[in-house]
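Notes follow once the structure below has been shown.
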Amino acid sequence: MRCGGRAARPAWTGCWWGEDVVKPAPFRYLRPTSLDEALDALATLGDEAKPIAGGQSLVPMLNFRLARPGVLIDLGRIPALTGVHRTDGSLRIGAMTRQRVLELDQDIADRLPVLRAALRHVGHVQIRTRGTIGGSLAHADAAAELPALALALDATVEVASVAGTRTVAAADLFLGPWTTCLAPDELLTRVDVPLAWQRAAIVELARRHGDFALAGVVGARRPATTDDAGIRLVGFGVGWTPVRLTEAEAALAAGGSAEVVADAAAAGIDPIDDIHADAAWRRDGLRALVTRIADQLGVAA
Amino acid sequence: MSGGAATAGLVADPRPRREDPRLLTGQGSYVADVRLPGMLEAAFVRSPLAHARIRAVDTDAARAAPGVIAVLTGADLSDVEPFPDLRERTRPVRQRALCIDRVRYVGAPLAVVVAEDRYLAEDAAELVDADLEELPVVADMDAALAPGAPLLYDDWPDDRIVATAPVDPELDAIFETHQVVRGTYRMQRHTAMPMETRGVVATVERGRLLVWTSTQVPHVVRTVIARTLGLPEHRIRVVAGDVGGGFGSKLHVYPEEVVIPALAWRLRRPVRWIEDRREHFLASSHARHQRHDLEAAVDERGDIVAVRGDLVCDVGSGEILPPGVAPAFVSAGSITGPYRFPRSQARLTCVVTNKTPSGAYRGFGTPEIVFALERLLERVARETGQDPVELRRRHLIRPEDLPYETPNGRRIDSGSHLEAFERAVAWAETTRERLAPTARGSIGVGYANYIEGVSPNYHATSGLWAQQETSTLRIEPDGTVVVASGLGPMGQGTETMLATLASQLLGVPHDQVEVRLGDTDLSPYGLGSFGSRSTVVAAGAVQLAAGRLLDKVRTIAGHLLEASATDIELVDGRARVVGSPDRSVGLAEVAHLAYFRTFDLPPGTEPGLEATGAYEQPGVDHRPNAQGKLNICLTYANSTHACVVDVDRATGVVRLLAHLAVHDAGLLLNPQVVDGQIMGGVAQGIGGALYEQLLHDADGQPLVTSFMDYLVPGAPEVPELTIDHLSTPSTTTPFGLKGAGEAGATGVPAAIANAVCDALRDTGIDITQTPITPSSIRAALRATPDPTTTEGS
C-alpha cells in the first residue's frame, strides 16, 4: 500500500480514506505496547514528542500542519490505559477508554448518569468511537464537556512519568486554553471520579447538534459538610478554561432565587468573543442555562 | 413533430433513480478514483496575503526537495493565455491560471509543485518562497466604494467592476409624491459545500490531452482549456464522471482546470490534484454577498405602486469565469418577485474586494433579493397598518393576469402564484396551532413568495453561454438505445431523467435506454447543467432527435410490415401498425435492417439509426432592449415557502418546527427527484439563514476555513418538511416542463426571518441581515426592552 512514499510515514495516517490526501508534515511514529515504554519515549524525546489518544482533535491539526510534532506516540496499544475499575466510592477510568464505551456502559449510566448525558453532547457517534476520556481532558478545550464535568465532580487524574506518578485535582489541571499542568514528559493515565453526587446534570447550547458548546453548565449536588456546601456549578465555553461559578454556587446554597443565581453566574465569568457567539451572548446564554440547571438540581425555584 | 401515440406527451414516472444503486454502494467514479500508472500529484502554493505585488517567487529549494518533479510559477506559465473576459460592460480582470504580478485574495494560486506523491508535494510547497510586497487591502464593499479606495486593478478608475445607472424621471416622481418605505438588507458571504471537492487529473494519451475534472460544464471546460493552452478542441477530451455535488460552484472554470492539463502536457505524465477542504474554502467560488437598499412607494390605499433598489454585490477579486457579477444581475432583475408592482428600477453596483472570487450558488442571486423584498413587505405592512398576508395576497400575480410581463421585462407565462400562497397560509395557520403546545419559547410563522427563472439565456449575465442544448439518440443493432447529452449532472438524477425522456419519446422500455453524459468524446457539445435547465432543455433536444429517429424507424418498419410509414407507431420497443397491434416488428429487427441487411432498406434510406436534436429555446433575450427590459429565462417556476419557528427569548436560539415548500414546476417528470431537489435546497437555505458564513478580518484574512467553523446544517437542524406540488404547465417549454433545481434554497432565509420576527412581533424587532444567530437575536432583544424577556426561559 502506498501511503506517503516514505517508510517513516505511519500506515494509518494516509489510509483512513483509502490512499488519499491526508497530509501532515513528516513525523516519526511510535506505538508502544506498555506504559513504561511510552514514558521512556516521552522522557527521551521531551518537547519533540506528542502523545496521540483518539486523535479527534490532533489529527485535524496535523493535517492542517498546525501541529508539527517530530514524533507521534500512539497510546492505542497500551492495555493498562484502558478500562474502568469500579469501587463503591468512585470510578477509576483508564485514560484511553473510548468515550463510546463509557456512553454505552449501563453500570455507569446507573451510578453516574451525568457522564452518559455529557458524552451525548460530545461530537457524534463516530467521534466518540475514537475519542477517549483522557484525550479530551489532556486536550483541555475550554468548550468541551468532559473537562467541565471533571471539574464539577471533583475528579482527580493520575499523571505518570519515568519519575513516578502523581495525582492532580481537576481544579489544578486546566491552566488555560488547550493547556494543562502536565509536563512534556508526563502522561495522563487515569481519571478518578467520586460517586458521592446525589444529583448532577449538564446543559449546553451549541450552534448545531454535536458542536462544541457556545455555553454550557455542569451542576452537581451532594450533602453539605462543615466546609463545603456540596454544590458545584461549572461553566464551559464561556472562558479560557472550564470555570467554577463559585458565587453562583454560594447563592444557590443560600437559597437564592434562580435570577439571583443566574446573575451571580453571569457576573463570575469573563467570556470570550468569537465568530459563533459574542461575549454578551455568552453571559445571556449562561444565565439561561444556570436557571435551567438550578431547576434540575432541585435546589432553586 | 410527426404523429405517433408515444410522442404526444410525457407522463410522470416516479421510478427510483437509476444512478442510486451505484452512488449509494460506493460504486460511483469520482475524480479522486482515477488512478493512472506513473501518476504524479500536485499541490498549489497559495497566497497568504489578501493583496500584494509579487516581487519574486523562489522555487529553488522546492525543486531540490525529495520526489519533486517540477515547480512552476505564474512566470513559468506566461505562455498560457489569460482566461477570456467575455461579458460586455464589465471591466476585464484578465485572470491568469497562476498569478503573475499580483495576488488579490488569500488562496490565489502562486505556484504549483508536482511530486511523486501529495505528501512530498506539500512538503516542497512549504519551501517555495514568495517575495510579496503587501498592498493596502480592500476588505469589504464599503471600503471598495469609498473615494480613493486602493485599486485592485491599476488600470481601472475605481473598484467597480460593474455599475449600472438607470434613469427614469417618472419613477423618481412617483417616489416624490408617495409614502416611501425603506430598508437596507444584507446577506452574508456563504457558498456551496459539495461533499466532493474539486479535483483534476490530466494525462496525454495518443497525442491528446485527457482531463478528468469535477465540473457541471465539461464542454465549456474543454473550450477554456483549448483557448488558454492554444490547443485545438478536438485534441482535448474532458470527462466529468460522477460529480459529488456542485450547486453552481462547479459551473465555473477554475485555474486548476488549466494548470493541471498544462503540467500533464509539458511533463507527458499523468498529474493529479484533489482540492482539500481548506482549499475549497479559499479557492472555490464564494457567493451571495450583497447589500440591498430597497424602497417601496405606497399609495393612499396601501398599494405598492413602485419598488426600486440600489444593489451592491461584493464579488471578491473578480477573477473567475464566468464572471461573479452574473448572480447580481439576476438579483436586480428579480426585484418585483411574483408581485404586481407596476414599476420598478434596480441600480446595480458590483465591487471587487480582496477576497475569494464569488460566483454561482443555487438560486443565483434570487435568495438575496427575495430576502430583501419579503422583509420590505413586512415593513410596508407595519408602517401602513396592514396585515402582511393581506398585502401579499393583494399584490400577487393572479391567474387572470397571465401571461404577465414584469416592469423589467420578465415574461411570466404561467404559474399558480396566488394559489401557492393561499395553500401556504392555510398550512401555516393549522401548523402553528398544532405545534403551539410543543413550543418552549415564542412561536412565529413566516412566508416567502418567489419565482425562479428556469433555463436562462446565460449570455445576458455571463457573456459566455447562451442557451442551446443537444442530444443524440442512437438505436444499436440489437435494438437497445443510447442517449448522449452534454449536460453536466452533479447528482440530481439526470441519467434517470434522460432515460425517461428517451423511453417515453421513442416508445421503448426504460431499461433498454443507456445514458452517456459528462464525456466530451461521447456527448454532443452541450452547455452543461445550471440554471434549473436540465430537464427542460433535454426534453427539447430529445424531442427533436426522437422525432427524426422515429421517422426513420417508421420508414423501415413500414417497409418490413408492408404498411405506410405514417401508420407505424412505436410502443414498448415494438413498431406496429396503428389499429393492428398484431402486425409488428421489434426494434432489433428494424435495427438489423438498418445496420446489417442494408441492401433490404427501402430505396433512398441511409443505413444506421441515429439522430441528433439541438434545442434553442424561443423567446428569451440575450441582451436588454432599448427600454432596458430583458426576458432572461424560458419560463419561471413559482414557489411559496412557509415556516413555523420557536424562538427562545432568553438565549436567542431559533428552533425550526416545520417548513413547507409549495412548489409549481409544471409537469413533474419524476416527482421523487423533484422532492429530493427541494429537500436539499431547503437544507442549504437553512444553512444560509442561520449558520453558514465566510468571514474575513480587516486584512482580508479568512476566519472560516474548515467545517469546525463553517456550520453546514446536519439532519438534526432540518425540521419536518412538507412539500406540496402544484402543477401548472408552462406555455413556452417542451411539454410544459419547468425546472426545480434551485427553488428549494431560495425562499428559506426570507421565510425564517419573517417567522422569527413574527414570533417576536411584540418587540418590533426587524431582522435585516442573515445569518440570524443567537447572538444577533439577543443583541436585538437587549436593544429592545421587553418585560417578557427578564425571566429567562
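The values are calculated or read from the model by the stated rules, or taken from the named source; none is laboratory data. In this text the structure is predicted, and so the values were computed from the model without any measurement. Cβ coordinates were reconstructed from backbone atoms using ideal geometry, including for glycine residues, and neighbour counts include every protein chain displayed.
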Checklist entry - What strands (runs of 3 or more DSSP E) completely inside region A:35-105 contain at least 3 residues that are of a type outside the set (D, E, K, R) and within 14 Å of chain B (Cβ to nearest Cβ)? => result none
Checklist entry - From the set of residues in region A:250-281 that are within 9 Å of chain B (Cβ to nearest Cβ) and in contact (Cβ under 8 Å) with a residue 24 or more places away in the chain, which is farthest from A:THR225 (Cα to Cα)? => result A:HIS276
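Quick one: count up the residues across region B:419-433 that are more than 19 Å from B:VAL647 (Cβ to Cβ) and surrounded by fewer than 19 Cβ atoms within 10 Å (Cβ to Cβ).
Filtering region B:419-433 down to residues more than 19 Å from B:VAL647 (Cβ to Cβ) leaves B:419-427, B:430.
Imposing the further condition that a residue be surrounded by fewer than 19 Cβ atoms within 10 Å (Cβ to Cβ) reduces the set to B:419, B:422-423, B:425-426, B:430.
Selection size over region B:419-433: 6.
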Item to check | Given (1) in contact (Cβ under 8 Å) with a residue 12 or more places away in the chain; (2) crowded, with 22+ Cβ neighbours inside 10 Å; (3) more than 27 Å from the chain's Cα centre (by Cα), number of the condition B:ALA56 does not satisfy | outcome: (2)
Item to check | Residue list for region B:474-499, restricted to those being more than 30 Å from B:ARG362 (Cα to Cα), assigned to a loop (DSSP other than H, G, I, E, B) and touching a helix residue (DSSP H, G or I) at 6+ places or on another chain (Cβ under 6 Å) | outcome: B:PRO477, B:ASP478, B:GLY479, B:THR480
Checklist entry - Within region B:74-128, can you find the residues that are in a strand (DSSP E or B) and closer than 28 Å to A:PRO24 by Cα? => result B:VAL103, B:PRO109, B:LEU110, B:ALA111, B:VAL112, B:VAL113, B:VAL114, B:ALA115
Checklist entry - Can you name the number of the only condition in (1) without any contact (Cβ under 8 Å) to a residue 24 or more places away in the chain; (2) away from chain B (no Cβ under 14 Å); (3) over 29 Å from A:GLY255 (Cβ atoms) that A:LEU188 fails? => result (1)
Checklist entry - Which one of these does B:GLU717 not meet: (1) charged (D, E, K, R); (2) under 24 Å from B:ASP140 (Cβ atoms); (3) within 14 Å of chain A (Cβ to nearest Cβ)? => result (2)
Next on the checklist: Of the conditions (1) facing another protein chain (nearest Cβ under 9 Å); (2) over 23 Å from the mean Cα position of the chain (by Cα); (3) within 20 Å of A:ARG116 (Cα to Cα), A:ASP295 satisfies every one except a single condition; which number is it?
Outcome noted: (1)
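Please work out if B:ALA62 is touching a strand residue (DSSP E or B) at 6+ places or on another chain (Cβ under 8 Å), within 14 Å of chain A (Cβ to nearest Cβ), on the phi < 0 side of the Ramachandran plot and not in a loop (DSSP other than H, G, I, E, B). If you could, list the steps in order and put the result at the bottom.
Values: touching a strand residue (DSSP E or B) at 6+ places or on another chain (Cβ under 8 Å): yes; within 14 Å of chain A (Cβ to nearest Cβ): no; on the phi < 0 side of the Ramachandran plot: yes; not in a loop (DSSP other than H, G, I, E, B): yes.
So B:ALA62 fails the test.
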Checklist entry - Within the bounds of region B:329-345, is there any residue that is out of contact with any Cys (no Cβ under 6 Å at 6 or more places or on another chain), closer than 22 Å to B:HIS51 by Cα, part of a loop (DSSP other than H, G, I, E, B) and of a type in the set (Val, Ile, Thr)? => result no
Next on the checklist: Condition first: in a helix (DSSP H, G or I), within 22 Å of the chain's Cα centre (by Cα) and closer than 13 Å to B:VAL483 by Cα. Now tell me which residues in region B:500-550 satisfy that.
Outcome noted: B:ALA538, B:ALA539, B:ALA541
Checklist outcome for this item: Selection from region B:223-243 of residues crowded, with 19+ Cβ neighbours inside 10 Å, in a loop (DSSP other than H, G, I, E, B) and among the hydrophobic types (A, V, I, L, M, F, W, C) yields B:ALA240, B:VAL243
Item to check | Residue among B:GLY741, B:GLY680, B:GLY688, B:GLY700 that is surrounded by 18 or more Cβ atoms within 10 Å (Cβ to Cβ), at pLDDT below 95 and assigned by TED's automatic domain parsing to the domain that holds B:PHE421 | outcome: B:GLY741
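Please state which one of B:ASP699, B:ASP709 is among the acidic types (Asp, Glu), within 14 Å of another protein chain (Cβ to nearest Cβ) and part of a loop (DSSP other than H, G, I, E, B).
Numbers: B:ASP699 fails: within 14 Å of another protein chain (Cβ to nearest Cβ).
Every option except B:ASP709 fails the conditions.
Residues are listed down the side, and each one gets a yes or a no for (1) within 14 Å of chain A (Cβ to nearest Cβ); (2) buried (at least 20 other Cβ atoms within 10 Å of the Cβ):
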| site | (1), (2) |
| --- | --- |
| B:THR605 | no, no |
| B:GLU610 | no, no |
| B:ALA614 | no, no |
| B:HIS622 | no, no |
| B:ALA637 | no, yes |
| B:ASP646 | no, yes |
| B:ALA650 | yes, yes |
| B:LEU656 | yes, yes |
| B:GLY676 | no, no |
Checklist entry - Looking at B:GLU134, is it within 14 Å of another protein chain (Cβ to nearest Cβ) and either surrounded by fewer than 24 Cβ atoms within 10 Å (Cβ to Cβ) or more than 21 Å from B:PHE281 (Cα to Cα) (or both)? => result no
Checklist outcome for this item: Checked region A:269-295 for anything assigned to a loop (DSSP other than H, G, I, E, B) and surrounded by 18 or more Cβ atoms within 10 Å (Cβ to Cβ); matches are A:ILE269, A:PRO271, A:HIS276, A:ASP278
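How about region B:733-765: which of its residues are acidic (Asp, Glu) and either more than 30 Å from B:LEU781 (Cα to Cα) or touching a Gly at 6+ places or on another chain (Cβ under 8 Å) (or both)? Spell out the reasoning first.
Restricting attention to region B:733-765, the residues satisfying the condition of being acidic (Asp, Glu) are B:742, B:758, B:762.
B:GLU742, B:ASP758, listed by residue number.
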Item to check | Condition check for B:THR73: over 30 Å from B:ASP242 (Cβ atoms), free of Cβ contacts under 8 Å to residues at least 60 places away in the same chain and surrounded by 13 or more Cβ atoms within 10 Å (Cβ to Cβ) | outcome: yes
Checklist entry - Which condition does A:ARG130 not pass, out of (1) crowded, with 18+ Cβ neighbours inside 10 Å; (2) touching a strand residue (DSSP E or B) at 6+ places or on another chain (Cβ under 8 Å), if it passes all the others? => result (1)
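Just wondering, is there one or more residues in region B:373-381 that are of a type in the set (Gly, Ala, Ser) and either touching a strand residue (DSSP E or B) at 6+ places or on another chain (Cβ under 6 Å) or touching a residue at least 24 places away in the same chain (Cβ under 8 Å) (or both)?
Residues of region B:373-381 of a type in the set (Gly, Ala, Ser): B:381.
Of the ones still in play, those that are also either touching a strand residue (DSSP E or B) at 6+ places or on another chain (Cβ under 6 Å) or touching a residue at least 24 places away in the same chain (Cβ under 8 Å) (or both) are none.
Within region B:373-381, none of the residues are of a type in the set (Gly, Ala, Ser) and either touching a strand residue (DSSP E or B) at 6+ places or on another chain (Cβ under 6 Å) or touching a residue at least 24 places away in the same chain (Cβ under 8 Å) (or both).
How many residues are assigned to a strand (DSSP E or B) and touching a Leu at 6+ places or on another chain (Cβ under 8 Å) when one looks only at region A:198-237?
Our first condition is that a residue be assigned to a strand (DSSP E or B); within region A:198-237, this holds for A:199-205, A:215-221, A:225, A:228, A:231-236.
Filter again for touching a Leu at 6+ places or on another chain (Cβ under 8 Å), leaving A:199-205, A:215-221, A:231-235.
The number of residues fulfilling the criteria is 19.
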Checklist outcome for this item: The residue that is nearest to B:GLU19 (Cα to Cα), considering only those in region B:244-288 that are in a loop (DSSP other than H, G, I, E, B) and within 14 Å of chain A (Cβ to nearest Cβ), is B:GLY244
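State all residues of region A:238-254 that are assigned to a strand (DSSP E or B), over 14 Å from A:ASP154 (Cβ atoms) and of a type in the set (D, E, K, R); if no residue qualifies, say none.
Residues satisfying the conditions do not exist here.
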Item to check | Matching option when the condition is of a type outside the set (Lys, Arg), more than 11 Å from chain A (Cβ to nearest Cβ), within 22 Å of A:ALA206 (Cα to Cα) and touching a strand residue (DSSP E or B) at 6+ places or on another chain (Cβ under 6 Å), among B:ALA759, B:ALA780, B:ALA689, B:ALA683 | outcome: B:ALA759
Checklist entry - Consider B:ALA436 against the criteria (1) crowded, with 18+ Cβ neighbours inside 10 Å; (2) over 30 Å from B:GLY573 (Cα atoms); (3) among the small types (Gly, Ala, Ser): it satisfies all of them except one. Which criterion is unmet? => result (1)
